Every structure is written in structure tokens, then in C-alpha cells.
Amino acid sequence: MTLKDERVFDLNRRRWVDARSFLLSLALLLALASPAAAKVQLTYYHRSNITEAEWAKAVIERFNAAHPHIEVISLPSGTGGGPEYAEKLAVLRASGTAPDIFFGSTDKLGYILKGWALDLTPFIERDRAELQMESFFPGVWDSFTREGRIYGVPLTVTPQLLFYNKDMFQSAGLPFLPLSWDDPEWTWDQLVEYSKKLTRFDASGAAERLALAQATESHLPDVVWMFGGDWFDEDAYRTGRARRATFTRPENVEAYTALVEYYAQYAAAGPPKGISAGSGFANGLIAMDWIGAWKTNSYIEASRSGGMGFDWGIGPVPLVKNRANTRWTDPLYISSTTEYPEEAWTFVKFAANAQSQALWSQMTAKIPARSVSVDAFVQSLSSVSGMSEEEVLISVSEALAHSRTSLEESIADVQLEIVGLRGEYIEPMLAGNRPVLSTLQALEEVINAKLAELSRANR
């Protein structure tokens, strides 16, 4: 190499080094100056139930550690759900601080119809294999699918169950409830016959033992469904918007008449009998508790802390024309206003994957939406009750097979209205303080007036 060649080579080398240094410096400056290079911050709004908040904390910590370019921040609602949860979410949206991701609670269909929830269909179609949609319980995606578009990813499911005290059944000389929800023998009439043997009053007329806590919650339509009735017509379920209520259907009148008669004699709900519907089963004073599977958490904790010193199990609700029961499916939504939909989707996939749902089942004692993640729930319940793991799994699976999508996931707005009115209409009626037919007529008029108001507002 000549001296001239060496000089040219040295000059080119210095130019390359200078160019490389410039590019590295530029990249560093751009990284420092560009917001896109900083961590993307996302907020996750959720209920403040202790175990659910602990799960959110654990999942967020795991996610943030695995995704250093994203930071998810927990935003607890300060509520356990209900109208307050939806109201706080509305305030956040109105103030321009809507969360990026939120847990679906209360007015779940309303969030979709109002445009609060992002259409997830493109993400789901792209990542269908990763989502493993076949690993979910049947039907759980239906609640968040409107006109072929999917707006939420299911996290947890809650059917209605019939808990019963096996020791109390044995002492009354009664066989245990069937495990199968297809058993034709366990009917409403048989419930009444069992209740005659399970209920006991002392000489003064005070209740010493009752057959049933309540026939699920008063703001749910389960009992009228079982008698072949409904609070709304088929068009309301098809469109997601109710035009009129149908509380005065003959089937509804029949259902509530039968329930009022039953409550008068055998249940803690209805006329007061001195035993709490909320705690009587756990205290060994009530033979059966017909309630949502959310109550399982309370019974597991009570058993582990030394209470509920009796064997208990889960059976199907009694058969009338069917065994329809409310199924809540709570999803994760992405806010339609998020600036970071791709990152939010990354978190939703992580929080709803099989491992995170197994953790949900383990920490909350609630049923995950994925059937493959249900083991922790099954093991927890079996360990403290009088049921084998196989029996628990069969009972839960069959309850879900006979379930119907909850009212709040089927028809917008109406569930909140009924929750607000049940104390004035439904509960006094069930206590025998208001006649069945006239109460249903009055409730129907009030709901129809509200539906007309909502219709005008939605035009």
C-alpha cells in the first residue's frame, strides 16, 4: 500500500468512525427525546375486592417484569362492583382520564353499546392461535360478541349453585341432592317436600332451622325463567335494548306466587324468621343456600378458619320447566380511548392467559373462564367440603351448561334499574307485604317509563 493509499484509507476510516459516532449520538438523542422510546404507561381499572386486588397486583408485577417497555398501573375502583363501579368509570371517561383497560362489571353490555369498549376483533383474529379460544368454557365469548364483533376477553364466570348441608340432610333422613343437572327427579315439588322435613320451629313459633336461605338474588330473573317466563321479550335480547317490560306474564305471576308461598314457610328470605339469609347456612342453621358461585369464596374461607364444621355439597337448582340460571361472565375490556391499543392488548392477553386465570382461581376462589384453568378452584372447594374433585368439576360444568347469559350482558341499562327498584317492589312482594299481580303491574309501569326515557336519550 502506497503512502497515498494509506492516507485515503485513514481518511475513510475516520469518516466512518465519525459517521458511526454521529449516528449513535443521534440515536441516543432521539431515544431521550422521543416519548415512544419511554415506557408506555397503562392503567387497569378494577374492583377493590381484596382477593381480586391482590390478583391484579400479582399479575401486573409479572407482566411489568416480562415487558420492560410497558408499565401497567393498578387503578382500584374503591367499590366491589355495582352502580358505583359504573359511575366511577363514567366519571373517569368524562374527565378525559379513562383507564386503558378495565374489568367488566355491572353494565357490561352498556359499555359496548355506548362505545366505551374497543372492538377487539382484529386483534383476536390475528392472535387466535395464541388465545387458545377452545380452552374456554362453552358460551362465555357470547356475552361480548355483538353483530359478529368481539369486545371483551372472558376472565371469570359465575353460575348459580345450590349449596346444601349434607349432615342436615342425613339427620332429616333425606338423600343427598343429585349431582347431575339433568336429573328429572329433583323438582320444585320435591324441594317443597324436602323443606317440610328440613324446617323446624320451636313451641313459641321461632325458627330453629330453615330449609333455604333464598332462591337466588331478588334482582335476578332465574325463578321466572325456570317457570317459562321472562321479564323482557325476545326482541330485547336480540337487539340489546328493551322497548317494554313483560313482568305481568302469566308464567311470571305463577313463579312469584309459588316463591311467595315457599318463602312464607321455609326460607330465611321473605317474612323475617330470626335467621339470617346471609350467614345462616355457614352457621349450620339453614340446610340450603341457592346463590351465585361467588359465595364459594366465603364458604372456603369460613371452613379454613374453623367454621362450617359439617360436610356440604353442591346440587342443581330444582327443575320446573327448565333449570335456567344466571351466568355472569366478567371480561377484560380495552377502552376505546386508549392511545396504546397494541400495548393494552398485550396486557389483556397476558392477564387472561391460562396461567393468569389459574392464578385468579387460586387467589380469588372464583371460577376462571378457561376450563383448563379450573383445577385450583376445584381443589380448594373439594378440600373443605364433602365433595370429591370430580364431583365439584361435574357440578360446576353442568351448572354452566344450564346457564343463561346474565341480564346485564344481554340488555343494556335495565339490570341497574331493577337493582335500584327491588327494595320497593320485589322484596316486599316476596315478604308477603305486597300482592304479586299488582306489584308486578306497578313495577312494569315504572320500568316501561324508564325504557321510554332511555329510548329518547339513545335516539
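The values are calculated or read from the model by the stated rules, or taken from the named source; none is laboratory data. In this text the structure is predicted, and so the values were computed from the model without any measurement. Backbone-built Cβ (ideal geometry, glycine too); neighbour counts: all protein chains shown. Areas reflect the complete protein model, heavy atoms only, side chains present, ligands, DNA and RNA absent. Shrake-Rupley method; radii C 1.70, N 1.55, O 1.52, S 1.80 Å.
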Query - trypsin sites (Lys or Arg not before Pro) within region 64-124, DSSP loop, no more than 16 other Cβ atoms inside 10 Å - result: Lys114
Query - Solvent accessible area, Å² - Leu179, 1.4 Å probe, full protein context - result: 50
Report summary line: Note on the chain: contact order normalised by length, alpha-carbon pairs under 8 Å, 6 or more apart, percent, works out to 23
Report task. Just flag the trypsin sites (Lys or Arg not before Pro) in region 289-324 sitting in loop per DSSP whose Cβ has no more than 14 other Cβ atoms within 10 Å. Result -> Lys321
Query - region 166-234 shape via C-alpha gyration tensor axes, a/c threshold 1.5 - result: oblate
Report summary line: Measure of exposure for Glu342: accessible area at 1.4 Å probe, Å² rounded to 10, is 80
**Report entry** Cα gyration tensor shape for region 296-426, rounded if a/c is under 1.5, else prolate or oblate
**Finding:** oblate
Report task. Determine how large the accessible area of Tyr256 is when every protein chain is in place; take a 1.4 Å probe and give Å² rounded to the nearest 10. Result -> 10
**Report entry** Candidate lysines for bridging to Lys197, where Cα separation is under 16 Å - those fewer than 8 sequence places away on the same chain excluded
**Finding:** Lys166
Report task. Under 1.5 on a/c is rounded, so check that first for region 201-242, then, if it is not, pick prolate when a/b is larger than b/c and oblate when it is not; a ≥ b ≥ c are the square roots of the alpha carbon gyration tensor eigenvalues. Result -> prolate
Query raised in the report: For the chain, what is the percent of antiparallel DSSP beta bridges, rounded to the nearest 5?
Result: 60
**Report entry** Coil-residue trypsin sites (Lys or Arg not before Pro) of region 173-274, DSSP, other Cβ within 10 Å capped at 15
**Finding:** Arg243, Arg244
Query raised in the report: Where nothing but the Cβ of Lys and Arg (+1) and of Asp and Glu (-1) is charged, how large is the charge dipole of region 300-459 around its Cα centre, in debye to the nearest 20?
Result: 320
Report summary line: With the chain reduced to its Cα atoms and the Debye formula applied, log10 I(q)/I(0) at q = 0.06, 0.07 1/Å amounts to -0.33, -0.42
Report task. Taking a cut-off of 18 Å between Cα atoms, list the lysines near Lys450, but don't count ones fewer than 8 places away on the same chain. Result -> Lys114
